[in-house]
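Okay, so here's the structure we're looking at.
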């Protein structure tokens, strides 16, 4: 599969800043019909991520988002294959990866993007090795 993350990711990335409030971020998610927003610093570097699951808890609207965000944000370079994104999401049990280029946030890729790839038949699964092939590898 030669499809790169840059070919599949959402390029119109909506970001938040650490001082934004829960109410502001919740409104951005609802208006844009998205489920995660990267939190960025002044140089567009990833500082965290906020998901709809984070905002499902009872939180005061004026709470700064830096108190709610996941600080252990998973990032992936835009030039990687989408299979690397799928592996990273599966291993970390997450649904969104922040896509970077030279440490700057340039997009987001979600598990829904990967499902779309499969549903459009742009992904071709390799055949499993046969028993004979497995024995010859030993």
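The values are calculated or read from the model by the stated rules, or taken from the named source; none is laboratory data. Fair warning: this is a prediction, and the values are worked out from it, not measured in the lab. Quick reminder, even Gly has a Cβ in these numbers, built from the backbone with ideal geometry, and neighbours come from all protein chains shown.
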- Residues of the range 1-31 that turn out to be assigned to a helix (DSSP H, G or I), exposed (fewer than 15 other Cβ atoms within 10 Å of the Cβ) and within 16 Å of the chain's Cα centre (by Cα), as a count: 1
- Would you mention how many residues in the range 105-122 are out of contact with any strand residue (DSSP E or B) (no Cβ under 9 Å at 6 or more places or on another chain), surrounded by 13 or more Cβ atoms within 10 Å (Cβ to Cβ) and not in a helix (DSSP H, G or I)? 1
- Task: Can you confirm whether the range 124-138 contains a residue that is at pLDDT 90 or above and assigned to a loop (DSSP other than H, G, I, E, B)?
- Result: no
- Across (1) in contact with a strand residue (DSSP E or B) (Cβ under 6 Å, 6 or more places away or on another chain); (2) at pLDDT 95 or above, residue 73 clears everything bar (2)
- Query: Checking residue 39 against (1) surrounded by fewer than 19 Cβ atoms within 10 Å (Cβ to Cβ); (2) assigned to a strand (DSSP E or B), which single condition isn't satisfied?
  - Reply: (1)
